[in-house]
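These notes concern the structure reproduced below.
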Amino acid sequence: MTGSAVGLESLLSSVADKPISLVRLARLLLAKGHHSQARQLCARAVAMAPNDAEVGAVTAEILSHGVPRWHWTILQDSARNMAYEEALRRAIRPASRVLEIGTGSGIVAMMAARAGAELVVTCECNPAVAEVASEIIACNGFADRVRVVAKHSSDLAVGVDFDTPVDVLVSEIVSNQMVGEGALPAVEKAVRRLACPGARVIPARGIVRVALAEYRDPHPQRIGMVDGFDLSRFNRLADPYYRISVGDERLSLRSKPCDLFCFDFQSGGPFPEAKAAVVLSALGGIVNGIVQWIRLEMDEEGWYENRPTVGATSAWAAMFYPLKCSIEMPEGDMLTVCGAHDRLSLLIWAEVSDAQ
């Protein structure tokens with residue numbers, strides 16, 4: 001046993017009957033990267049003092065560490081949930097074996113079981129999320145057919161985590177820009193290593209769409225004079241884009257949408273780094289940026305799209321790439337929009353001529 005381990009054991013024994021001290025020690029362990037030990041100490045402290053407000057507050061802080069807030073937004077997107085469930089019902093047969101990449105709350109895995117799958121294996125690389133998802137699946141009565149594996153999908157192996165290759169692969173790991181959550185390499189590896197030939201992949205395709213747009217609001221990361229000081233040079237450090245709600249009434253599309261990238265998930269890839277360009281024809285009006293959103297084609301029948309429209313809602317935001325200056329574009333004027341992805345991130349820009 002190392003000196004640090006001996007020191008930790010000694011410290012634990014000295015605070016073993018003190019719930020407040022246990023959660024404070026758990027916070028220190030979390031800061032040093034010992035997430036599992038921190039959660040275990042919290043569980044002990046809560047068991048000893050279930051009604052202690054400070055113990056509860058520190059425990060909540062520790063358990064929520066590293067859990068993205070978008071989990072809650074996604075779960076409340078009924079259109080997205082329905083698109084996944086309907087696609088699963090079309091794909092699944094009584095003997096189906098399903099692999100889900102990205103358990104989250106466990107809702108999609110339970111949908112697959114409810115659709116009649118014989119076995120659902122769902123992987124989650126965040127141990128805290130995997131633990132809670134297992135509890136959720138059990139309390140909803142699906143523990144006999146749904147198994148949570150606390151691993152990244154790239155670490156799964158046939159013969160270790162499940163007996164035979166799966167015939168349905170479902171994932172919900174796409175980001176606002178389609179590629180930001182590692183969806184491309186995850187699907188490539190899973191189709192090649194974990195799925196049987198001809199397995200159904202949900203979603204079957206992912207599309208990055210763009211349009212000319214006007215956003216009638218100052219860029220939140222553009223700054224000029226503040227309290228008499230010129231801070232405009234700080235804008236060089238700003239992100240090249242920002243997120244906006246798809247229902248934001250301040251956004252107006254100034255062209256028809258066009259597909260910039262299309263990823264055939266059903267094929268399993270490969271999905272190499274790529275560049276693309278499209279020419280967009282203006283509908284008329286002020287253009288001060290490019291708006292980008294995503295479309296998920298679940299199969300040949302169902303789809304989900306977070307197209308920006310006044311009053312629309314979606315778990316995924318639209319991404320707005322501002323131009324350096326606004327352009328008055330009469331109907332029929334053309335603007336070339338370019339994009340590039342490195343499999344993990346996406347960039348979009350417009351080729352604006354001096355004349356424009």
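Please go through the range 49-59 and give me each residue that is surrounded by 14 or more Cβ atoms within 10 Å (Cβ to Cβ) and more than 18 Å from residue 127 (Cα to Cα), ordered by number. The answer is 49, 52, 55, 56, 58.
Annotation: of all residues in the range 122-139 being of a type in the set (Asp, Glu) and out of contact with any helix residue (DSSP H, G or I) (no Cβ under 6 Å at 6 or more places or on another chain), the one that is nearest to residue 39 (Cα to Cα) is 131. Annotation for the range 18-27: no member residue is assigned to a loop (DSSP other than H, G, I, E, B) and surrounded by 15 or more Cβ atoms within 10 Å (Cβ to Cβ). The residues of the range 306-356 that are in contact with an Asp or Glu (Cβ under 9 Å, 6 or more places away or on another chain) and either β-branched (Val, Ile, Thr) or free of Cβ contacts under 8 Å to residues at least 60 places away in the same chain (or both), listed by number, are 310, 313, 327, 336, 337, 356.
For the range 94-111, the criterion of being more than 24 Å from residue 174 (Cβ to Cβ) and within 22 Å of the chain's Cα centre (by Cα) is met by none of the residues.
Any read-out appearing in this document is the output of simple, stated calculations on the displayed coordinates, not a laboratory observation. Everything quoted here is computed from the prediction, not taken from an experiment. No Cβ is skipped: glycine too gets one built from the backbone with ideal geometry, and neighbour counts run over all protein chains shown.
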